[in-house]
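Step one of this worksheet: look at the structure below.
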Amino acid sequence: MMNRVQNTSTVSTTWLMAAHEQNQVLNTNSRYLHDNIVDYAQRLSETLPEKLSVFYFLNSGSEANDLALRLARQYTGHWDVVVLDHAYHGHLSSLIDISPYKFRDLDGQKEWVHVAPLPDTYRGLYQEDHPDPAGAYANEVKRVVSSVQEKGRKIAAFFVESLPSVAGQIIPPAGFFQEVAEHIHGAGGVFVADEIQVGFGRVGKHFWAFQLQGEDFVPDIVTMGKSIGNGHPVACVATTQAVARAFEATGVEYFNTFGGSPVSCAVGLAVLDVLEKEQLQAHAASVGSYLMELLEEQKAKHPIIGDVRGTGLFIGVDLIKDEATRTPATEEANYVVSRLKDYYILLSTDGPGRNVLKFKPPMCFSVDNAQHVVAKMDAILTDMEGKMRSCETLRLRP
Amino acid sequence: MRELYSKQDTLALRRKHIGPSCKVFFAADPVKIVRAQRQYMFDERGDRYLDCINNVAHVGHCHPEVVKAALEQMEALNTNSRFLHDNIVEYARRLSATLPEKLSVCYFTNSGCLNRSEANDLALRLARQFRGHQDVITLDHAYHGHLSSLIEISPYKFRKGKDVKKEFVHVAPAPDTYRGKYREDHADPANAYADEVKEIIEKAHNSGRKIAAFIAESMQSCGGQIIPPAGYFQKVAEYVHRAGGVFIADEVQVGFGRVGKHFWSFQMQGEDFVPDIVTMGKPMGNGHPMACVVTTKEIAEAFSSSGMEYFNTYGGNPVSSAIGLAVLNIIENEDLQGNATRVGDYLTELLNKQKAKHTLIGDIRGIGLFIGIDLVKDRQERTPATDEAQHVIYKMKEKRVLLSADGPHRNVLKIKPPMCFTEEDAKFMVDQLDEILTVLEEAIGAKSESVISENTPCRAKMPNEARSELLGEGASDPRENPGQKRNGLCTDKHSLLSKRLKT
């Protein structure tokens, strides 16, 4: 359930044979011409808005985000970055610096990093009862931008996971990205959409999660990883001609030993083929909405479930100790996960309160799997209500 | 595998969709490679090239045992390292068995070199966490990776771009005994170069700065195939340890038996030398993205006490570990280290004969299958023969030998082929080189060593017309703008030069 890296079935033959066949023939670097890399770039460009037509291939999400940062800085000539609270963009030094999820426990916030409130309509500043949360949260970003400018600093980029995952499976309200992009562009910065956790059809309705925001929204840079290669180390940065040319103008070559190798591209192509052939995006939409339905039923039944949110096969179940305060039920969530393991179901938790059960399974997850998980969860929660009194929400219903 | 697109179309699509900063070899006439086996690569027409470049295909391109190991594991399981699995622990065990005992803790990442990136980035973090120091001493012309944090410690990159040297970075002279500050005629170059590091440390301390690490490629590759004099690392380590820092040996280009005599290049410095952190990559997976950082228990514990979990989605996954194990087995079973010594020695011998014959060759240096041919315009001045080197690699390509040029002046032909390179390959390569150098020297009127008088240092010059054709009218000298020309990224005018030289 946790393994979003595997988009398709773990032993999908197409993917395997593509990797194996290519492995037998050639696996070398991208300084030689080869068909796979250009074919793959072309196929990827067909899934994206037209202006995102230039690609850089790498091996990990972290590398992709690091390159995105460099591209943004080179293009704008600026240095500072605006991120969301509880964001996580990778484990490299440069990325820990822009990941509040990490830096709050380590080296602290650098002066060139600016944090805007997470657009969390369940637990955040502006909640589901607010008339215009998208506008309100975008205004917060505007405020951050203004205060940065007042200090005489300049913004290179706004970096955001299209659906903040470690922050607790957050679905930003539609329209948020567009307004933020306006403020960021106004300040001379670019918009970087980190699709590493959520791209490739996972959200069901669209191929890319940023597309949930609206037809009119196009980021300047998109980073992809994890699911892109079904487990094979592949990652990618997509951007515009303008950004790419500005980077080239530094005169410094960008070379990545393994990025864009024939095998990585063969694997990437195979994943795209399987996604298409097995119609996994549509599958994610239908199984996802079925799973959400089942979970909503559970929410009505068990007060410990404060919120069920998600889209396609990207779902979060927010467990709370108290309905009024929405305090995260951290220990209880941990307990649920360990009990599920006893039933041979693998699930993990996240969110700053470590209380959100996160569902992001391989895309071939079935209706049966959904029923099975929910049935077990139901049993465990019922059991907890009977035996534990650790919080308000685990009370027996009259 | 049949071609999807014609070579022209491939090139056109590449221009359309691939970041323009991503260069191809031989830009004036790129090579399209569709197949490779052992030390040979094949283009779309089926022409076979001898690959002298690809140290990444360490045990040979598409080695069947590596392919098999990958397939078997992919069929079973490929997931992240948060689950227990035998492969990763077995691999860590085998890897640490090749290293001195105190280097026993492994962190697996995905990319080693040129993306030695992830491994080197982690190495820096380990070093800084250890005692809380920040500063890093690096060597001139070093290259440690393309990530933001590593460009900062790679003079090879930051000197070229608009980036300025950061104040926490200190650059020591590269211990190059051919073109550096202290040369082969110096009484004790190891100590002299080490003293430079000592001075840097003192200066840093005087400004109230603290050294976290000294980082060096065990043998500089992009820096021009530089072999540091024995004893240098030990002395440097002494000074760095005294300052509370650690020694990071970047083995990304040169580990896994390439030097023949030893498994790791740093071992050439002496039995008594043990770095605190070693980074490895490139050859590790024979082309599969893999890298690793190995360090001591002490440093690892300091890192984990920071409270942060280190997680890397792909690092240490079962498939990568299976591949890593297969590579280690092949190195052993096929005695590739022995081969590197035998063929490397033979190749060096042949090249030294070439040096006696061709004045363009200023120096032959190397060990095992890591060799550099330093081309010079003038043996006394040791002026780098940059244009000539570019010319040579293009001509070698025509003769179906793939070679690249590097070094800060792009004049060192670097040889670091797959480890299954044979003596026949060595002879073939040298024969082609001999022909090309002979023709080149005739064309530029270079005289043999015996004719050069000491009073009139003769700078072997290319005829002006040939030179301007090579560079293109009005184009800047490649040495002033090295970022734009490397490994044969010359303009089309290059082919004009070759025509002229043939007459």
Can A:Val271 be described as within 7 Å of another protein chain (Cβ to nearest Cβ) and crowded, with 18+ Cβ neighbours inside 10 Å? no
Output the residue which, of all residues in segment B:179-229 that are among the basic types (Lys, Arg) and not in a loop (DSSP other than H, G, I, E, B), is farthest from B:Glu381 (Cα to Cα). B:Lys203
Is it the case that some residue within segment B:433-449 is at pLDDT below 50, open to solvent by 20 Å² or more (accessible area, probe 1.4 Å) and within 17 Å of B:Leu351 (Cβ to Cβ)? yes
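Would you check if B:Ser304 is among the polar types (S, T, N, Q), free of Cβ contacts under 8 Å to residues at least 60 places away in the same chain and away from chain A (no Cβ under 14 Å)? It would help to see each step written out before you state the result.
Values: among the polar types (S, T, N, Q): yes; free of Cβ contacts under 8 Å to residues at least 60 places away in the same chain: yes; away from chain A (no Cβ under 14 Å): no.
Considered against the rule, which asks whether it is among the polar types (S, T, N, Q), free of Cβ contacts under 8 Å to residues at least 60 places away in the same chain and away from chain A (no Cβ under 14 Å), B:Ser304 comes out as no.
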Selection within segment A:122-154 - in contact (Cβ under 8 Å) with a residue 24 or more places away in the chain and open to solvent by less than 40 Å² (accessible area, probe 1.4 Å): A:Tyr122, A:Pro133, A:Ala134, A:Gly135, A:Tyr137, A:Ala138, A:Glu140, A:Val141, A:Val144, A:Val145, A:Val148
Residue pairs, Cβ under 7 Å, 6 or more apart or interchain, first in segment B:330-352 and open to solvent by less than 10 Å² (accessible area, probe 1.4 Å), second acidic (Asp, Glu). List them. B:Ile330/B:Glu65; B:Val343/B:Glu423
Report, by residue number, each residue of segment B:27-43 that is at the interface with chain A (Cβ under 9 Å from one of its Cβ atoms) and open to solvent by less than 50 Å² (accessible area, probe 1.4 Å). B:Pro30, B:Val31, B:Lys32, B:Ile33, B:Val34, B:Ala36, B:Met41, B:Phe42, B:Asp43
Selected residue [touching a Lys or Arg at 6+ places or on another chain (Cβ under 9 Å) and under 14 Å from B:Ala385 (Cα atoms)] from B:Glu423, B:Glu441: B:Glu441
Among what's in segment A:87-117 and is open to solvent by 20 Å² or more (accessible area, probe 1.4 Å) and of a type in the set (A, V, I, L, M), pick the residue that is farthest from the chain's Cα centre (by Cα). A:Leu106
With the condition kept exactly as written, say whether any residue in segment B:49-57 is open to solvent by less than 60 Å² (accessible area, probe 1.4 Å), over 18 Å from B:Asn286 (Cα atoms) and of a type in the set (D, E, K, R). no
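When you check B:Cys106 against the structure, is it away from chain A (no Cβ under 13 Å), surrounded by fewer than 23 Cβ atoms within 10 Å (Cβ to Cβ), within 26 Å of B:Val319 (Cα to Cα) and under 25 Å from the mean Cα position of the chain (by Cα), yes or no?
Yes, satisfied.
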Restricting to segment B:251-280, and then to whatever is within 26 Å of B:His133 (Cα to Cα) and within 14 Å of chain A (Cβ to nearest Cβ), can you tell me which residue is modelled with the lowest pLDDT? B:Val252
Hey, does segment A:55-63 have a residue that's hydroxyl-bearing (Ser, Thr, Tyr) and in contact with a His (Cβ under 6 Å, 6 or more places away or on another chain)? yes
Is there any pair linking a residue in segment B:1-23 that is farther than 30 Å from A:Tyr75 by Cα to one that is among the acidic types (Asp, Glu) and open to solvent by less than 30 Å² (accessible area, probe 1.4 Å), with Cβ under 8 Å and at least six apart or on different chains, and which? B:Glu3/A:Asp35; B:Leu4/A:Asp35; B:Leu4/A:Asp39; B:Tyr5/A:Asp35; B:Tyr5/A:Asp39
Scanning segment A:53-82 residue by residue, those over 20 Å from the mean Cα position of the chain (by Cα) and open to solvent by 10 Å² or more (accessible area, probe 1.4 Å) turn out to be A:Ser53, A:Arg70, A:Arg73, A:Gln74, A:Tyr75, A:Thr76, A:Gly77, A:His78, A:Trp79
Find all pairs meeting these conditions: Cβ atoms under 7 angstrom apart; at least six residues apart or on different chains; first residue within segment B:412-437 and touching a residue at least 40 places away in the same chain (Cβ under 8 Å) and in a helix (DSSP H, G or I); second residue aliphatic (A, V, I, L, M) and open to solvent by 10 Å² or more (accessible area, probe 1.4 Å). B:Ala426/B:Leu350; B:Lys427/B:Leu350; B:Val430/B:Leu350
Selected residue (only one of B:Leu4, B:Leu71, B:Leu11 is within 10 Å of another protein chain (Cβ to nearest Cβ), within 28 Å of A:Thr223 (Cα to Cα) and not in a loop (DSSP other than H, G, I, E, B)): B:Leu11
Go through segment B:220-236 residue by residue and tally those that are open to solvent by less than 10 Å² (accessible area, probe 1.4 Å) and either modelled with pLDDT of 95 or more or of a type in the set (Gly, Ala, Ser) (or both). 6
Odd one out for B:Ile323, checked against (1) open to solvent by less than 10 Å² (accessible area, probe 1.4 Å); (2) modelled with pLDDT of 95 or more; (3) aliphatic (A, V, I, L, M): (2)
Mind checking which residues of segment A:330-344 are of a type in the set (A, V, I, L, M, F, W, C) and open to solvent by less than 10 Å² (accessible area, probe 1.4 Å)? A:Ala333, A:Val336, A:Leu340
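I'd like to know if segment A:280-299 contains one or more residues that are open to solvent by 10 Å² or more (accessible area, probe 1.4 Å) and outside any helix (DSSP H, G or I).
no
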Here are A:Phe210, A:Phe217: which of them is surrounded by 24 or more Cβ atoms within 10 Å (Cβ to Cβ), farther than 22 Å from A:Asp35 by Cβ and either touching a residue at least 24 places away in the same chain (Cβ under 8 Å) or at the interface with chain B (Cβ under 10 Å from one of its Cβ atoms) (or both)? A:Phe210
Looking at segment A:229-246 only, could you name the residues that are open to solvent by less than 10 Å² (accessible area, probe 1.4 Å) and part of a helix (DSSP H, G or I)? A:Gly229, A:Val243, A:Ala244
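For every residue, the table says whether it meets (1) at pLDDT below 90; (2) open to solvent by 10 Å² or more (accessible area, probe 1.4 Å); (3) more than 21 Å from the chain's Cα centre (by Cα).
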{"position": "A:Asn3", "(1), (2), (3)": "yes, yes, no"}
{"position": "A:Ser9", "(1), (2), (3)": "yes, yes, no"}
{"position": "A:Ser12", "(1), (2), (3)": "yes, no, yes"}
{"position": "A:Asn23", "(1), (2), (3)": "no, yes, yes"}
{"position": "A:Asn36", "(1), (2), (3)": "no, yes, yes"}
{"position": "A:Thr47", "(1), (2), (3)": "no, yes, no"}
{"position": "A:Lys51", "(1), (2), (3)": "no, yes, yes"}
Identify the single condition in (1) at pLDDT 95 or above; (2) open to solvent by less than 50 Å² (accessible area, probe 1.4 Å); (3) among the charged types (D, E, K, R) that A:Lys360 does not satisfy, given that it satisfies every other one. (1)
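How about segment A:30-100: which helices (runs of 4 or more DSSP H) wholly inside it have at least 1 residues that are more than 8 Å from chain B (Cβ to nearest Cβ) and under 29 Å from A:His114 (Cα atoms)?
A:61-76, A:93-96
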Of the conditions (1) at pLDDT 95 or above; (2) in a helix (DSSP H, G or I); (3) aliphatic (A, V, I, L, M), the single one that A:Leu275 does not satisfy is (1)
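The values are calculated or read from the model by the stated rules, or taken from the named source; none is laboratory data. Nothing here was measured: the structure is a model prediction, and the numbers come from that model. Ideal geometry is used to build each Cβ from the backbone, glycine not excepted, and the neighbour counts take in all protein chains shown. The accessibility values were calculated without ligands, DNA or RNA, using every heavy atom of the protein model including side chains. Shrake-Rupley method; radii C 1.70, N 1.55, O 1.52, S 1.80 Å.
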